[in-house]
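Novice: Shown below is the structure under consideration.
The values are calculated or read from the model by the stated rules, or taken from the named source; none is laboratory data. Note that this is a predicted model, so its numbers are computed, not measured. We place every Cβ from the backbone using ideal geometry, glycine too, and count neighbours over all the protein chains shown.
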Amino acid sequence: METNEGGNKSRVGNFLSKVLGKGINQTVDAIGNAIDKIDRSDEKLELQLKYKELLVNLEGACIDYESKLIETKSKIIESETKGESWLQRNWRPMLMCICMFIIFNNYVLVPYFQLPVTTLDDHIWTLMELGVGGYVAGRSLEKISENLSPVLQNAKRKKR
């Protein structure tokens with residue numbers, strides 16, 4: 001699965017590992033290696049063709065899965081931004097403001113005014129990293145989802 005025949009094996013391998021676990025890569029590799037060991041060229045070519053068709057079909061499944069995942073995330077973000085509650089619409093920006101204040105306080109105000117340093121627990125930093133990463137990814141996804149969905153649908157139609 002490590003070789004890269006047009007990107008199919010590595011992309012399919014990553015998808016299968018996420019969905020079915022790490023052992024699936026060895027299974028798919030074993031099938032490819034077993035086909036390579038066949039001596040009769042006509043059977044070998046037929047099996048190689050079926051194997052590559054399988055990889056292409058699996059790649060199509062990967063694209064479908066990723067497309068549906070992006071659509072789902074996009075719908076969640078849309079529902080948050082169109083929610084009736086003020087808090088529901090604004091919790092991400094508020095979280096970002098709090099994170100930015102903590103960083104500004106610890107790295108600008110404290111050193112500048114020579115205030116006593118307050119240390120934050122590692123869990124707080126991890127939470128901030130996840131929050132900032134999620135916020136950035138969510139906003140990016142929100143902005144590109146309108147353009148990405150038609151592209152994925154066109155790719156799906158071309159494969160058929």
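Novice: Looking only at segment 40-65, which residues are among the charged types (D, E, K, R) and in contact (Cβ under 8 Å) with a residue 60 or more places away in the chain?
Specialist: The answer is D64, and nothing else.
Novice: Restricting to segment 111-135, and then to whatever is polar (S, T, N, Q) and not in a helix (DSSP H, G or I), can you tell me which residue is farthest from E78 (Cα to Cα)?
Specialist: Q114
Novice: List pairs: first residue in segment 110-128 and at pLDDT below 85, second residue among the β-branched types (V, I, T) and not in a loop (DSSP other than H, G, I, E, B) anywhere in the structure, Cβ distance under 9 angstrom, at least six positions apart or on different chains.
Specialist: Hits for this filter: V117/V110; T118/V110; L120/I102; I124/I102; M128/I98; M128/I102; M128/I103.
Novice: Restricting the search to segment 92-139, which residues are hydrophobic (A, V, I, L, M, F, W, C) and within 23 Å of the chain's Cα centre (by Cα)?
Specialist: L95, M96, W125, L127, M128, L130, V132, V136, A137
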